[in-house]
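Contents: one structure, followed by commentary.
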Amino acid sequence: MHRNTVMSVDTAKEARDALKVMFQGCDDAQLLRRMDELSSLKKGDDENIIKLTSRAKMRRDELAMIGNPVVDNALALRVILGFDSKSGMLRTVLQNNEIKLVMSDMTAKLL
């Protein structure tokens with residue numbers, strides 16, 4: 001597939017530009033998948049909150065590696081939204097907190 005793209009053009013610049021467009025599409029698809037995974041993050045039935053935060057941090061790191069870093073506060077809020085109904089009181093306490101949530105503080109509070 002890439003070979004055909006490179007072979008069908010006349011100059012190295014055209015080949016580079018064609019490959020850049022092709023790979024940009026792959027990057028966008030990967031970015032959309034990672035963003036969707038983070039936005040749909042939910043605590044599993046057999047999963048504790050620490051594992052949920054660990055999965056969220058992995059998604060954050062993956063997004064950062066492809067050039068789309070996630071703000072720490074946004075990650076903490078995303079984790080809170082992923083809590084299940086059994087964690088309702090904890091979710092309420094964290095949401096009503098007077099200070100800006102950051103992931104490291106929230107993780108420490110959960111321990």
Flag for Lys100 being in contact with a Lys or Arg (Cβ under 9 Å, 6 or more places away or on another chain) and at pLDDT below 75: no
Filter result for Thr53 (at pLDDT 80 or above, hydroxyl-bearing (Ser, Thr, Tyr) and part of a helix (DSSP H, G or I)): yes
Subset of the stretch 59-70 [part of a helix (DSSP H, G or I) and surrounded by 13 or more Cβ atoms within 10 Å (Cβ to Cβ)]: Arg59, Arg60, Glu62, Leu63
Unique match (being exposed (fewer than 15 other Cβ atoms within 10 Å of the Cβ) and either modelled with pLDDT under 90 or in a loop (DSSP other than H, G, I, E, B) (or both)) among Leu19, Leu41, Leu31: Leu19
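The values are calculated or read from the model by the stated rules, or taken from the named source; none is laboratory data. Keep in mind it's a predicted model, so treat the numbers as computed, not measured. No Cβ is skipped: glycine too gets one built from the backbone with ideal geometry, and neighbour counts run over all protein chains shown.
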